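Okay, structure first, notes after.
The values are calculated or read from the model by the stated rules, or taken from the named source; none is laboratory data. Predicted, not measured: the structure shown is a model, and the values here were computed from it. Positions of Cβ are generated from backbone atoms using ideal geometry, with glycine treated the same way; all protein chains shown enter the neighbour counts.
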């Protein structure tokens, strides 16, 4: 589980609830507007269906899981794995890695190593793995796109509801002050719904998914270069140096310690 995602979500929820409570003096029902909810929530859902294909929308639960759960490996961990595999291949031959395949819990890495053990050409291995990498990037873009749609269109739809509320308020000019107050409340509450939806939920989640995607792409690239290095029969130290090239200065020190 991603602790940062959990902590951030809890802190954001607590902050919003405290402000809502204090602003309404405990009368939280004042924040409810059926007209605003229909326009903002219903409208945002409509935008998602209008902008995304159904097969992508069906994967929304998976996008949310990726926000809270991330099973990717750190650069130091990948470097340690590739270094150990390179040493075994150098010592016992690349065919000896076949016994290691069952121990690897990463499907991408396991497939690449299996192709190397089976004697596939380096070009074939790289092309196959890069196609998988491209497919993974496309899936990740769809996840970020979902939350970007909410972030972009949520406030705009809220503005639409606000304008509608203002029209109703202007129509009530000269009439009962109660009607004007209700329409003004619709306008303000609808704006709040869109702002909270975009800035407190969709925006941060979309940015986290984009960052996680970049991290996973980098780790996959490390695996590709490690597999090709092992197949080429490079010295394990040379394989480790290639892995370290992807890491930050802080991570490089960890990689050296791991080796």
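Does residue 240 qualify as being modelled with pLDDT under 90 and buried (at least 18 other Cβ atoms within 10 Å of the Cβ)? Against the criterion (modelled with pLDDT under 90 and buried (at least 18 other Cβ atoms within 10 Å of the Cβ)), residue 240 qualifies.
Give the residues of segment 218-233 that are over 25 Å from the mean Cα position of the chain (by Cα) and under 20 Å from residue 110 (Cβ atoms), sorted by residue number. Before the answer, list the steps.
Within segment 218-233, the first condition is being over 25 Å from the mean Cα position of the chain (by Cα), and the residues that meet it are 226-233.
Within segment 218-233, 226, 227, 228, 229, 230, 231, 232 qualify.
Against the criterion of being modelled with pLDDT of 90 or more, crowded, with 19+ Cβ neighbours inside 10 Å, under 19 Å from residue 224 (Cβ atoms) and in contact with a helix residue (DSSP H, G or I) (Cβ under 8 Å, 6 or more places away or on another chain), residue 125 qualifies.
Within segment 45-55, not a single residue is more than 23 Å from the chain's Cα centre (by Cα), touching a residue at least 60 places away in the same chain (Cβ under 8 Å), assigned by TED's automatic domain parsing to the domain that holds residue 192 and within 30 Å of residue 184 (Cβ to Cβ).
Taking each residue of segment 201-225 that is outside the structural domain of residue 113 (by TED's automatic domain parsing) and looking for partners that are surrounded by 18 or more Cβ atoms within 10 Å (Cβ to Cβ) and modelled with pLDDT of 90 or more with beta-carbon atoms closer than 9 Å, six or more apart or interchain, yields nothing. Just a yes or no: is a residue in segment 140-148 closer than 30 Å to residue 29 by Cβ, modelled with pLDDT under 90 and in contact with a helix residue (DSSP H, G or I) (Cβ under 7 Å, 6 or more places away or on another chain)? No; the residues of segment 140-148 include none that is closer than 30 Å to residue 29 by Cβ, modelled with pLDDT under 90 and in contact with a helix residue (DSSP H, G or I) (Cβ under 7 Å, 6 or more places away or on another chain). Of the set (1) in a helix (DSSP H, G or I); (2) in the same structural domain as residue 138 (by TED's automatic domain parsing); (3) closer than 29 Å to residue 144 by Cα, all apply to residue 19 but (2). What do you reckon, is residue 216 buried (at least 20 other Cβ atoms within 10 Å of the Cβ) and either out of contact with any strand residue (DSSP E or B) (no Cβ under 6 Å at 6 or more places or on another chain) or at pLDDT below 90 (or both)? So residue 216 fits the description; yes. Taken over segment 65-99, the criterion of being crowded, with 16+ Cβ neighbours inside 10 Å and over 29 Å from residue 250 (Cα atoms) is satisfied by 94, 97.
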